[in-house]
Amino acid sequence: MQNVVNLQNTAKTTPPESTATASLPDEISWQAPEYRHVKKSSDWYWSVGILTAGLFAVSLIFNNILFGIFVLLGGFTIALYGARPPQTISFKLASSGIHIANRVYSYQSLKSFWIFYNPPDIKEISIESQKMIMPRIIIPLGDTNPAQVRAYLTQFLTERTQEESLIDSMVRYVGF
């Protein structure tokens, strides 16, 4: 499991708090890739293909054609998504809410936040939403000052410790 750095208690990995809280801007905006792209080797694609073919064979053995079609579509989608480079997205923290590209999440629809900061691999904000369908929103920090982002968000949301989910850990391990 990745180490998680609490920005409240660290001085080594974050800029001094005094520079972040001295004068908070009206809004904070930045651009970052939508996810951290890891270049896939041909072995990665072979692994996806072999796993897909194996699951498809199992579905044929159990005479479950619908599952077999689902496996083929899933394997093809994973391979396509793995090859796709990330888009650069604009992010903005403002008094009206959190802006991600053309979408706005009002602070009233959000519960809390936590900043996962373990450079260079993990630099992101995890926001817990009140919606059942989308319980967590992950926002990459890019080159933004995490202490300043934390100081700004504490005006509107409570900071609550979160754990990295098992799926996030697995996706990072597999190279997505």
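Which one is nearest to the chain's Cα centre (by Cα) among residues in segment 95-108 that are outside any loop (DSSP other than H, G, I, E, B) and exposed (fewer than 13 other Cβ atoms within 10 Å of the Cβ)?
Filtering segment 95-108 down to residues outside any loop (DSSP other than H, G, I, E, B) leaves 97-100, 103-105, 107-108.
Among the residues that remain, those that are also exposed (fewer than 13 other Cβ atoms within 10 Å of the Cβ) are: 103, 108.
Numbers: R103: 16, Q108: 21 Å.
Looking at residues that are outside any loop (DSSP other than H, G, I, E, B) and exposed (fewer than 13 other Cβ atoms within 10 Å of the Cβ), I get R103.
Considering only segment 72-91, I want to know if a residue exists there that is open to solvent by 60 Å² or more (accessible area, probe 1.4 Å), out of contact with any Leu (no Cβ under 6 Å at 6 or more places or on another chain), modelled with pLDDT of 85 or more and within 27 Å of K111 (Cα to Cα).
Yes; the residues of segment 72-91 include at least one that is open to solvent by 60 Å² or more (accessible area, probe 1.4 Å), out of contact with any Leu (no Cβ under 6 Å at 6 or more places or on another chain), modelled with pLDDT of 85 or more and within 27 Å of K111 (Cα to Cα).
Suppose the filter is under 21 Å from K39 (Cβ atoms) and out of contact with any Ser or Thr (no Cβ under 7 Å at 6 or more places or on another chain); does I139 pass it? Spell out how you get there, then give the answer.
Values: under 21 Å from K39 (Cβ atoms): no; out of contact with any Ser or Thr (no Cβ under 7 Å at 6 or more places or on another chain): yes.
No: the conditions fail for I139.
What is the residue count in segment 111-133 for residues that are open to solvent by less than 60 Å² (accessible area, probe 1.4 Å) and in contact with an Asp or Glu (Cβ under 7 Å, 6 or more places away or on another chain)?
Total satisfying the criteria: 4.
Spot the failing condition for Y152; the list is (1) hydroxyl-bearing (S, T, Y); (2) open to solvent by less than 20 Å² (accessible area, probe 1.4 Å); (3) assigned to a loop (DSSP other than H, G, I, E, B), and only one is missed.
Condition (3) is where Y152 drops out.
Cβ-Cβ distance below 8 Å, separation of 6 or more or different chains: which pairs start in segment 34-45 with a residue that is touching a residue at least 12 places away in the same chain (Cβ under 8 Å) and end on one that is open to solvent by 50 Å² or more (accessible area, probe 1.4 Å)?
Pairs found: E34/Q87; E34/T88; Y35/F176; R36/D121; H37/P85; V38/F176; K40/A83.
If you check V104, V174, V149, which single one turns out to be of a type in the set (V, I, T) and farther than 30 Å from A83 by Cα?
Details: V104 fails: farther than 30 Å from A83 by Cα; V174 fails: farther than 30 Å from A83 by Cα.
That would be V149, the only listed residue that is of a type in the set (V, I, T) and farther than 30 Å from A83 by Cα.
Check off (1) without any contact (Cβ under 8 Å) to a residue 40 or more places away in the chain; (2) outside any helix (DSSP H, G or I) for I69 and give me the number that stays unchecked.
It is condition (2) that I69 fails.
Assess whether S59 counts as being among the hydroxyl-bearing types (S, T, Y), assigned to a helix (DSSP H, G or I) and either in contact with a His (Cβ under 6 Å, 6 or more places away or on another chain) or modelled with pLDDT under 95 (or both). Before the answer, list the steps.
On the way: among the hydroxyl-bearing types (S, T, Y): yes; assigned to a helix (DSSP H, G or I): yes; either in contact with a His (Cβ under 6 Å, 6 or more places away or on another chain) or modelled with pLDDT under 95 (or both): no.
No.
So, in segment 155-174, of the ones that are part of a loop (DSSP other than H, G, I, E, B) and surrounded by 15 or more Cβ atoms within 10 Å (Cβ to Cβ), which residue ends up modelled with the lowest pLDDT?
Residues of segment 155-174 part of a loop (DSSP other than H, G, I, E, B): 155-157, 160-165.
With surrounded by 15 or more Cβ atoms within 10 Å (Cβ to Cβ) added as a condition, the list becomes 156-157, 162, 164.
On the way: F156: 89, L157: 89, Q162: 83, E164: 79.
The extreme case among them is E164.
Can you pull out the residues in segment 134-149 that are within 10 Å of the chain's Cα centre (by Cα) and open to solvent by 60 Å² or more (accessible area, probe 1.4 Å)?
Correct list: R136, I138.
The values are calculated or read from the model by the stated rules, or taken from the named source; none is laboratory data. Every value quoted in this text rests on a predicted model; they were computed, and no experiment measured them. We place every Cβ from the backbone using ideal geometry, glycine too, and count neighbours over all the protein chains shown. These area figures cover heavy atoms from the full protein model, side chains too; ligands, DNA and RNA do not enter into them. Shrake-Rupley method; radii C 1.70, N 1.55, O 1.52, S 1.80 Å.
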